[in-house]
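Worksheet: the structure to be examined is printed underneath.
The values are calculated or read from the model by the stated rules, or taken from the named source; none is laboratory data. What you see is a predicted model, and the numbers here were worked out from it, not measured in a lab. So basically every Cβ, Gly included, is an ideal-geometry build from the backbone, and we count neighbours across all protein chains shown. Side chains included, ligands, DNA and RNA excluded: accessible areas come from the protein's heavy atoms. Shrake-Rupley method; radii C 1.70, N 1.55, O 1.52, S 1.80 Å.
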Amino acid sequence: MDDDLWVLIEPLLPPWPEKAPGPRPVPDRQCLQGILYVLINDIAWQLPPLELGFGSGQTCRHRLERWQQAGVFDRLHRILLAELNAAGELDWSRACVDGSHVRAKRGVPTPARRRSTGGRRAASTT
């Protein structure tokens, strides 16, 4: 991973709990490299080789979930967009917005009541 990118990411990461149970955790930078390795190579979390020093795939996956819940990637995205915009590297005329980014106010009205597909108790035969 590029040192300049790490300088942006490191302050966004939540600190590790002081009294966390278990063994000493894999350093954040190595864990992030493991996450990127899995995502770039499109492999299962169980497959990154331990020889690369990323820790286990499960360690990387749990750290990714922890960082996602802490909002690390949303903040990083905003920082990178601001830097690219300041450098004049973004062409906003080609931006698009879809339903996954903008909440629909009311949605589509349903014309009829939907029937439940859930299980029901059977009628008594006695």
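Once segment 17-38 is narrowed to residues that are more than 15 Å from Q58 (Cβ to Cβ) and without any contact (Cβ under 8 Å) to a residue 12 or more places away in the chain, the residue that is most open to solvent (accessible area, probe 1.4 Å) is R24.
For segment 4-44, the set of residues classified as modelled with pLDDT of 90 or more, farther than 16 Å from L76 by Cβ and either not charged (D, E, K, R) or not in a loop (DSSP other than H, G, I, E, B) (or both) consists of P27, Q30, G34, Y37, V38, I40, N41, I43, A44, listed by residue number.
Looking only at segment 56-75, count how many residues are touching a Gly at 6+ places or on another chain (Cβ under 6 Å) and of a type outside the set (A, V, I, L, M, F, W, C).
To start, the set of residues in segment 56-75 that are touching a Gly at 6+ places or on another chain (Cβ under 6 Å) comprises 60.
Filter once more, keeping what is of a type outside the set (A, V, I, L, M, F, W, C): none.
Total meeting the criteria: 0.
Given the criteria modelled with pLDDT of 90 or more and either closer than 24 Å to L13 by Cβ or open to solvent by 90 Å² or more (accessible area, probe 1.4 Å) (or both), does E83 qualify? For E83, the condition - modelled with pLDDT of 90 or more and either closer than 24 Å to L13 by Cβ or open to solvent by 90 Å² or more (accessible area, probe 1.4 Å) (or both) - is met.
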